Structures are given as C-alpha cells and as structure tokens.
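Please treat every number below as a calculation from the coordinates, not as lab data. These figures come from a predicted structure and were not determined experimentally. Quick reminder, even Gly has a Cβ in these numbers, built from the backbone with ideal geometry, and neighbours come from all protein chains shown.
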Amino acid sequence: MAILAANTALTAVLTMVLAGDTRLRVRSFESEAELFAYMRIAPLDLLVVDFDREGRPAYEMVEAIRLDPRFVSRDLPVIALTRSIPPPMRHQAISAGIDEVLVKPMSPRHLLQRVQARLVNRSIVGLVGSGYRGPERRDRVPLAKPQPQPARRTTDNVVPLFPDRRRPKHPGLEPLV
C-alpha cells in the first residue's frame, strides 16, 4: 500500500501506525512523480492520498491512475484524506473512483481500521484476511500419480522406508531366502 500525504509529518505518523499491522507493507511517497514511477514497476493494493497536498488535485491524480495503461495496478482502492468535503469535491471524488474520503483531523487508528476493512473485502493475495484469495493454480502441472504401497500386516509396527530388496527386480527370478 502507498501513502501520499500533505506533509512529511503526517506521512510519518500514518506510515508508523499502518506499519504496526505486520500484514501490511507500507510505502510512503513524497511526490506524485515518485508514486507514479513506483506504480509502473510494482503493484499496489491500496492508496491513501491527501486532497490537501500541493500539486494536482487528488481526484485528478486518481483519474490519471485509472486511465494510464502503464500502471501495474489501476483498479486499486483509494482512500482520500481532506479537511472538508464540499459537494463539488464529493462529486469529483466519486467520478474519479475514490472509494472513501476521511475528514481530518481523524485518528490514525481509524485510518488503519478503514484500510484493513478495504483490504479484507478486496481479492488480494496473501495480505489481509484468511486463506488464499487468488486465482486457482492447482492442477497446472500434472503430478505423478502415487504408486500403491504393498500391503502390510496389521500386526506390524514397522513402516518400511525403502523398497523390499529381497523381492526380485527382474521377472522370473526368485528371492534367495
């Protein structure tokens, strides 16, 4: 997951709280250019972006992510942070595909809960949630069929680890017992 907040102090606090969940890999970015460079080479599971940062508005940045085919993960969930959300900003956030907007000041723990809730409901591999949530990959490589084991007597308490060497390896030869 990635964080792009308004200032380095907020970024540091949010990164520290979110990294407290050992299931999350948190990367913080200082600029949109750094974030975009990273997104061209690696997938992200979630983005936390601040409307109050300098530069291009958050909704425009999210629209750019959604439309650029060079990004590895374009359909990632986005949580936005802002001091206030007037109706025009609300419509812009919805049209850009921002999933959730949190009003600042808010508790970093609340952000952690919202991130966890977004990731649990998302089909991601191995981050949050129980079990494997990815494409079915079994039966891609055919495995050798197990060979039947020779019958054991029910009174044996020894499990043979190696094949019985007393049996003939060639048909027609009898064991020398």
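Quick look at the values:
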{"item": "Loop sites in the stretch 51-125: GluC sites (Glu not before Pro), DSSP, at most 16 other Cβ within 10 Å", "result": "Glu54"}
{"item": "The stretch 86-99 - phi-based ³J(HN,Hα) in whole Hz, Karplus 6.51/-1.76/1.60, Gly and Pro as x", "result": "x, x, x, 5, 4, 5, 5, 5, 5, 5, 7, x, 6, 7"}
{"item": "Virtual paramagnetic centre 7 Å along Cα→Cβ of Arg109, amide N under 16 Å, in the stretch 1-32", "result": "14, 16-21"}
{"item": "In range of the label at Glu30: residues from the stretch 1-15 whose backbone nitrogen is under 16 Å from the point 7 Å along Cα→Cβ", "result": "3-13"}
{"item": "Within the stretch 2-122: Cβ-based charge dipole about Cα centre, in debye rounded to nearest 20 (Lys, Arg +1; Asp, Glu -1)", "result": "300 debye"}
{"item": "The stretch 2-122 - convex hull of alpha carbons, volume per residue in Å³", "result": "95 Å³"}
{"item": "Karplus-derived HN-Hα couplings along the stretch 66-79 (A = 6.51, B = -1.76, C = 1.60, θ = phi - 60°), whole Hz, x at Gly and Pro", "result": "5, 9, 8, x, 6, 7, 5, 10, 9, 9, 6, x, 10, 10"}
{"item": "Cut-off under 5 Å, modelled amide H: who pairs with Val48 long-range", "result": "Ala2, Ile3, Leu4, Ile79"}
{"item": "Sequence-distant residues sharing a close amide H with Leu102 (under 5 Å, placed H)", "result": "Ala80, Leu81, Thr82"}
{"item": "Global geometry of the stretch 1-65, whether rounded, prolate or oblate, following the gyration tensor of its Cα atoms and the 1.5 cut on a/c", "result": "oblate"}
{"item": "³J(HN,Hα) computed for each position of the stretch 105-115 - Karplus, 6.51 cos²θ - 1.76 cosθ + 1.60, integer Hz, glycine/proline x", "result": "x, 9, 6, x, 5, 5, 4, 4, 4, 5, 5"}
